[in-house]
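Peer 1: This structure is in C-alpha cells; I'll ask about it shortly.
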Amino acid sequence: MITTEEALTIATEFAENWLWTTETARPEQNRLDITLTTPDDLIPIVVGLRVKRLGYLSAISGLDLGAEVDEFELLYHFCIAAAVITLRLRIPRKNGSVQSLCEIIPSAEAFEREISEMFGVTVIGLRNPEHLYLPDDWAEDQYPLRKDFDPAVIRSST
Amino acid sequence: MEEQQEVEQFMVPIGPQHPALKEPGHFLITVDGEIVTNAVVRLGYAHRGIEKATEERNWVRNLYLLERICGICSHIHATAYCLGLERLAEVEAPPRAQAIRVLVAELERIHSHMLWLGVAAHEAGFDSLFMYSWRDRETVMDLLENLTGNRVNYSANVLGGVKCDIDIVQADTIFMALEFLQERTRHYLDVVTSDAMFLQRTRGIGVMTRLQAEVLGVVGPTARASGVHRDIRAEAPYSAYPSYPVRVVCEEKGDLEARFVVRINELFESYRIIRLILEDLPPGELREKMPRRIREGETVSRVEAPRGELFYFIKSNGTDKPERIKVRTPTICNMMSVVKLAIGHQLADVPMILAGIDPCFSCNDRMIILERSHAKQEVWSWERLRQHGIEYYHGNHS
Amino acid sequence: MEIIRDLIALLFFPSGLVLLVLSLFYEWVDRKLLAQFQNRIGPRWFQPFADVIKLLAKEEVIPQGVDRRLFIPLPIVGLAGVLTAAIYVPIMGMAPSHSFKGDLIVTVYLLSLLTLCMGLAGSNTIGRFSLVGATRTLTQLFSYEAPFLLALLGPAIVAGSWQISEITAYTENRWLLLTQPFGFLVALIGLMGKLELPPFDAPEAETEIVAGALTGYSGRGLALFHLGKGVEMLIGLTLIAAFYLGGVSNPLLFFVKTLALLLIMAGLQALLARLRIDQTVGVWWRYGALLVLVQWMVIIVSKGPVL
C-alpha cells in the first residue's frame with residue numbers, strides 16, 4: 001500500500017518533470033492540483049497516472065467560471081489513500097469540448113455524461129451521449145448547472 | 001440483417017416503476033430466452049436539481065437540503081458537507097462532537113445494511129429473512145430516534161458540531177441494543193453462508209474479479225467483496241476515526257455471497273466501534289462557532305457512506321452562499337457495474353445483482369419529494385411538475 | 001331428482017359454493033401461518049373473502065393486443081376445471097359424489113387445466129412480464145407434472161385401482177406415508193410447485209416479472225384465477241391426505257390432516273428461498289423424478305409379479 005505522502009510526491013514529480021505544460025499546486029495538505037494548460041495533455045496525463053497506479057477516478061466536477069472569464073473548468077479528481085490529485089482543465093464556454101476518458105477508465109462514462117448534459121460540454125468519443133439524468137424531452141441548449149441558466153426559459157419552451 | 005436482429009430482440013423493461021425497485025430507475029434488459037444479452041440503464045427519475053439549488057441558499061440552509069439527498073444515508077451527507085465546510089472555515093468541531101458524529105454514522109450504517117439485507121433477501125424470494133432483518137432494524141431506528149429525535153433525516157449535525165448529546169441512560173440503551181443485534185447478526189451470517197437454497201441464488205452469481213472491480217471503479221462494500229481494500233474510514237480517516245481505527249472488512253470471491261458476508265461482517269465492525277466510542281466518549285463542548293461567510297477557497301471532502309465512498313467538492317466565493325457544491329454518490333460508481341455484470345446471467349439474477357450493489361437512486365439523482373403544502377388539488381402534467389421543481393429550487397420560492 | 005342432485009353437487013357441495021368458501025378459509029390459514037413464521041401478524045380471517053369480493057367488484061381492464069375471445073373465457077375454464085375435479089374427490093371426508101374407473105387421471109388432468117389456462121392467458125397478451133411468466137409457468141408445469149402424477153399413482157398401484165373412491169377405501173387406516181415416504185414427499189412438494197408457492201414461485205416472481213402470466217389480468221378474471229388456485233390447493237391437500245395419511249373418512253379427520261399438511265407447506269414456504277426456473281427444472285428432473293421412480297421400484301418389487 002502506497003502512503004498519501006508518497007503518492008503526492010510521485011505525482012508532483014511526474015507532473016513537473018514529464019510534461020512542461022502543467023503547473024502544480026498544493027492547496028491543502030492532502031491535495032495536489034495539476035493545472036493543464038492545453039486539453040491535449042489530458043489523455044497522456046491520465047494514462048501516466050494510470051500507469052503509475054496513482055489512484056482511481058473518483059469524480060469529475062464541472063465549474064462554471066462565469067460570464068467574465070467565459071470558461072468552464074473541469075476537475076478530474078483521482079484519489080489514492082488520503083491523497084486527492086486533481087487535474088484542472090479549462091475549456092471555453094462556447095463550443096467547448098474535451099476528450100472522453102472512457103477508453104482508459106470505463107467508469108468515467110457516467111461522470112462525462114453528467115458533465116455533458118449539465119454544462120453543455122461536448123465530450124468527444126462518448127459511446128452513449130444520450131441523457132442520463134435529464135428527461136429525454138429536455139430543451140436543447142439549456143444546461144442547468146451553468147450560472148446563467150434561467151428556469152423561465154424552460155417554462156416557455158415546454 | 002442488422003435491422004432484422006433489432007426486431008427479434010426481446011426486451012424486458014425493469015422500471016421506472018417495478019416491484020424489484022424500491023425507487024425509480026430504468027433498466028432495459030434484452031434477453032434471449034432467460035439469458036440477458038444486453039442491459040441499458042437510464043437514471044434521473046428522481047432528479048431534483050439539488051446541486052443547482054445549493055447555489056441559491058446560504059451555508060446553513062444547505063446543510064438541511066443536502067441531508068435530504070438520501071433518506072437512508074442522510075447523516076453521512078451532512079457529515080461530508082460539515083467536515084468540508086469546517087475545513088474551509090478553519091473551524092474544528094470539538095472532539096465530543098466528532099465522536100458523536102461517528103457514532104451516529106455507524107448506527108446509520110447498521111440500519112442501512114440491515115435494510116439492504118432485507119431488500120436483497122426479498123429480491124431472492126427469501127421473504128422470511130426480509131421480515132426478520134427489518135424487524136431487527138427497528139431496534140436501530142429506535143436508537144436513532146432516541147438520540148436525535150428522528151428515525152430518518154436525524155439532523156444530528158450542525159455546522160461546527162452536533163446538536164445532540166449522549167447521556168448515560170442513552171448509552172446503556174445502545175449497549176443493550178447492540179447485544180441483541182450482535183446475536184441476531186451472527187444468526188444472519190449463519191443463514192446467508194449455510195442455507196443451501198439461498199446459496200444457490202448467491203454463490204458464484206454476479207462475480208466481479210478484483211481487476212474488474214478496479215477497472216469498473218466500484219466503491220464501498222461492493223468493491224471490498226471483490227478484494228479491493230478501499231474504505232475511506234481506514235484510508236483517509238476523517239472526523240473521529242483516527243481515534244477509533246476501523247478494520248477493513250474484505251472478501252476475495254467477488255460474488256453475491258461475498259457481498260452479503262462483507263456487509264454483515266461490517267455490522268460487527270460497526271458494533272465494535274460504537275462500543276469503543278461509548279466507553280471512551282471525550283468530554284467537552286458540542287459545537288464551535290462558525291462564521292456566516294466562509295472564506296474563499298475550495299475543498300474536497302470524502303467520507304465512507306454505507307454504500308461506499310461519498311465525494312463532496314465544495315467551492316466558496318467568500319459570500320454566505322456556495323459557488324458550487326458537487327456531490328458524487330457511491331451508487332453512480334457502482335451502477336455501471338450492474339449493466340456490465342448482468343450480461344450472460346439469467347433474468348432472474350438481475351434483481352439480485354442490482355440489489356447486490358445496494359443501489360440508492362435518490363442519492364444518485366439528488367432530488368427531493370415534492371411537498372404537497374398547498375391543499376388545492378390539481379392534476380399536473382409532467383412538464384408542469386418539472387417546472388415547479390425548477391422554480392422551487394431556483395430561489396423564486398424564497 | 002337425479003338432475004337436482006347433480007346440480008347441488010356442482011353448485012353447492014362438494015363443488016361450488018362450499019368449496020369456494022372452504023378454499024378461501026384455507027388460503028387464510030396459509031397466509032396466517034406464513035405470517036406467523038415470518039414474525040408478522042398476518043391478515044384477519046375475512047381478508048381472502050374481502051380480496052375476492054373487491055376484485056369481483058372492480059373494473060376488468062382488457063389490455064391492448066389480446067384476443068378477447070381467449071382472454072375472457074380462460075379464467076372461467078380454469079376455475080370450472082378445478083371445480084369439476086372436486087366432485088371426484090372426498091372433500092370434507094364425504095364420499096365423492098361422482099366416481100368412475102380412472103377418475104384419478106381425470107382429476108389430475110383437470111387440476112393441470114388451470115395451469116394451462118394461466119400459461120395461455122400469459123402468452124395471449126403482448127406484455128413482456130406476462131410472456132416471460134407464461135414461459136416459466138409452462139416450463140414449470142412440464143417439470144413437476146410427471147413426478148407429481150407418478151407420486152399420486154403410487155397408492156393407486158398398491159390399491160390396485162385408478163378410481164379415487166376405491167383407493168381411499170384401501171388407504172383407510174393404512175398410513176402409506178410410512179411405506180411410501182418418497183412418494184409422499186414428491187406429492188407434497190409437487191403440490192407446492194403446482195400452486196407456484198415459494199420456493200417454486202419463479203413464474204410469478206414479483207421482483208423480476210411483477211405478477212408473471214397474470215400481470216395483464218385485473219378485476220373478475222384475476223379473482224377467478226385466484227379462486228381457482230385456492231380450490232386447486234384444497235383438492236391437492238385432500239388427495240394427499242386421503243392417499244398417504246390414512247384416509248379422510250370423516251370431516252374431523254379431513255380438517256386435522258389437511259391442516260397439518262398445510263402447516264408443513266407453510267413452514268417450507270417460510271424456510272426456503274426462491275429457485276430460479278432452471279434450478280426448478282433441475283430439482284424436479286434430477287431429484288423429484290428419481291425419488292418417485294425409486295418409490296415405484298420398491299412398490300413393484302414388494303407387490304410381486306402380479307402387476
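Peer 1: Once both labels are modelled 7 Å past Cα along the beta-carbon direction, what's the residue B:289-residue A:29 spacing in nm?
Peer 2: Distance between label points: 2.6 nm.
Peer 1: List the lysines whose Cα lies under 23 Å from the Cα of residue C:32, skipping any in the same chain that are fewer than 8 positions away.
Peer 2: The reachable lysines, counting only those whose Cα sits under 23 Å from residue C:32, are C:54, C:194, C:229, C:257.
Peer 1: For the charge dipole of chain C, defined by +1 on Lys and Arg C-beta atoms and -1 on Asp and Glu C-beta atoms about the Cα centroid, which residue among C:301, C:268, C:254 has the Cα displaced farthest towards the positive pole?
Peer 2: Of the candidates, C:268 comes out farthest on the positive side.
Peer 1: DSSP loop (so not H, G, I, E, B), at most 15 other Cβ within 10 Å: list which chymotrypsin sites (Phe, Trp or Tyr not before Pro) in region C:42-125 pass both filters.
Peer 2: C:45, C:46, C:100
Peer 1: Can you compute the FRET efficiency between residue C:47 and residue B:317 using 1/(1 + (r/R0)^6), with r the Cβ-Cβ distance and R0 = 35 Å? Round to the nearest 0.05.
Peer 2: That pair, residue C:47 with residue B:317, gives E of 0.05.
Peer 1: So how compact is region C:90-169: Cα radius of gyration and Dmax in angstrom?
Peer 2: Rg then Dmax for region C:90-169, in Å: 16.1, 48.
Peer 1: Let me ask something additional. Using modelled amide H (1.01 Å from N, peptide plane; none on Pro or chain starts), what sits under 5 Å from the amide H of residue C:60, excluding residues fewer than 5 places away?
Peer 2: Counting only residues 5 or more places away or on other chains, the set is C:220.
Peer 1: Which value in Å is the Kirkwood Rh of region B:1-157 over different Cα pairs?
Peer 2: After inverting the mean inverse Cα-Cα distance, the result is 18.8 Å.
Peer 1: Could you compute the FRET efficiency for residue C:174 and residue C:18, with r as their C-beta to C-beta distance and R0 at 30 Å, rounded to 0.05?
Peer 2: Using R0 = 30 Å, I get an efficiency of 0.60.
Peer 1: Oh, and also: Please name whichever of B:202, A:54, C:80 sits farthest to the positive end of the charge dipole of the protein assembly as shown, dipole taken about the Cα centre and charges placed at Cβ: Lys and Arg +1, Asp and Glu -1.
Peer 2: Checking the options against the dipole of the protein assembly as shown, the answer is C:80.
Peer 1: Charges only on Cβ, +1 for Lys and Arg, -1 for Asp and Glu: so what's the dipole of region C:163-250 about the Cα centre, in debye to the nearest 20?
Peer 2: About 220 debye.
Peer 1: First select every other residue whose beta carbon is under 14 angstrom from the beta carbon of residue A:65; then total the charges, Lys and Arg +1, Asp and Glu -1.
Peer 2: For residues surrounding residue A:65, the net value is -2.
Peer 1: Still on this structure, please answer the following. Projecting each Cα onto the charge dipole of region A:1-118 (Lys/Arg +1, Asp/Glu -1 at the beta carbon, about the Cα centre), which of A:78, A:115, A:37 comes out farthest on the positive side?
Peer 2: A:78
Peer 1: Leaving out ligands and nucleic acids, note down the accessible area per residue over chain B with a 1.4 angstrom probe, in whole Å².
Peer 2: Heavy-atom accessible area per residue stands at 37 Å².
Peer 1: Sequence neighbours fewer than 8 away in the same chain don't count; with that in mind, list the lysines whose C-alpha is under 23 Å from residue B:340.
Peer 2: B:22, B:253
Peer 1: To the nearest 20 debye, what is the magnitude of the charge dipole of region A:1-79 about its Cα centre, counting +1 on the Cβ of each Lys and Arg and -1 on the Cβ of each Asp and Glu?
Peer 2: 540
Peer 1: Let me ask something else. Beyond 32 Å, what share of the Cα-Cα pairs of region B:50-334 remains, rounded to the nearest whole percent?
Peer 2: When every Cα pair of region B:50-334 is considered, 25 percent fall beyond 32 Å.
Peer 1: Pull out the extension gain between residue C:35 and residue C:4, defined as 0.36 nm times the separation in residues minus the alpha carbon to alpha carbon distance; nm, one decimal.
Peer 2: 7.0 nm
Peer 1: Another question, then. Mind checking the log10 I(q)/I(0) for the protein assembly as shown at q = 0.07, 0.09, 0.10 Å⁻¹? Debye, one equal scatterer per Cα, no solvent, two decimals.
Peer 2: Log10 of I(q)/I(0), two decimals: -0.64, -0.95, -1.10.
Peer 1: Count the net charge of all other residues whose Cβ sits under 12 Å from the Cβ of residue C:263, scoring Lys and Arg as +1 and Asp and Glu as -1.
Peer 2: Summing Lys and Arg as +1 and Asp and Glu as -1 gives +1.
Peer 1: If the convex hull of the alpha-carbon atoms of chain C is projected onto planes in all directions, what is the mean projected area in square nanometres?
Peer 2: Orientation-averaged projected area of the Cα hull: 16.1 nm².
Peer 1: So, with +1 on the Cβ of K and R and -1 on the Cβ of D and E, and no other charges, what is the size of the charge dipole of chain B about its Cα centre, to the nearest 20 debye?
Peer 2: Magnitude of the dipole: close to 1020 debye.
Peer 1: Also, quick follow-up: Relative to the compact-globule scaling 2.2 N^0.38 Å, provide the ratio for the alpha-carbon radius of gyration of chain A.
Peer 2: That works out to 1.11 for chain A.
Peer 1: Could you report the buried accessible area between C and B, both sides summed, computed with a 1.4 Å probe and given in Å² to the nearest 100?
Peer 2: 2500
Peer 1: Also, I was wondering about something else. Taking 25 Å as R0, compute the FRET efficiency from the Cβ-Cβ separation of residue A:16 and residue A:104 and round it to 0.05.
Peer 2: For R0 = 25 Å, the calculated efficiency reads 0.70.
Peer 1: What total accessible surface area, summed over both chains, is buried at the interface between chains B and A, computed with a 1.4 Å probe and given in Å² to the nearest 100?
Peer 2: Counting protein atoms only, the buried area is about 3900 Å².
Peer 1: Cross-link candidates for residue B:52: which lysines have Cα within less than 18 Å, leaving aside residues fewer than 8 places away along the same chain?
Peer 2: A:147, B:315, B:321, B:326
Peer 1: Could you pull out every whole DSSP H run in chain B that spans at least 18 Å of Cα extent along its own axis and averages 0.5 or higher on the Kyte-Doolittle scale?
Peer 2: B:330-342
Peer 1: What do you get for Rg/Rh of region C:46-148 when both radii come from the Cα atoms and Rh is the Kirkwood radius?
Peer 2: 1.03
Peer 1: At 18 angstrom or more along the helix axis (alpha-carbon based) and mean Kyte-Doolittle of 0.0 or higher, what helices does chain C contain? Whole DSSP H runs only.
Peer 2: The qualifying helices are C:16-37, C:73-86, C:103-124, C:128-159, C:181-194, C:219-244, C:251-271, C:289-303.
Peer 1: Same structure, new question: Could you identify which residue out of B:344, B:33, B:84 has the top mean-square fluctuation in a GNM of chain B using Cα springs shorter than 10 Å?
Peer 2: So, out of B:344, B:33, B:84, the one fluctuating most is B:33.
Peer 1: Given 0.36 nm per residue, what is the gain on full extension from residue A:2 to residue A:40 after removing their alpha carbon distance, in nm?
Peer 2: Between residue A:2 and residue A:40, full extension yields 10.8 nm more.
Peer 1: Mind checking region B:266-341 for trypsin sites (Lys or Arg not before Pro) that DSSP puts in a loop (not H, G, I, E or B) and that have at most 12 other Cβ atoms within 10 Å?
Peer 2: Hits after loop and neighbour filter: B:289, B:292, B:295.
The values are calculated or read from the model by the stated rules, or taken from the named source; none is laboratory data. Just so you know, these numbers come straight off a predicted model, no measurement behind them. Cβ sites come from the backbone with ideal geometry, for glycine too, and all protein chains shown count toward neighbours. Remember, those area values only see protein heavy atoms, side chains included, never the ligands or the DNA or RNA. Shrake-Rupley method; radii C 1.70, N 1.55, O 1.52, S 1.80 Å.
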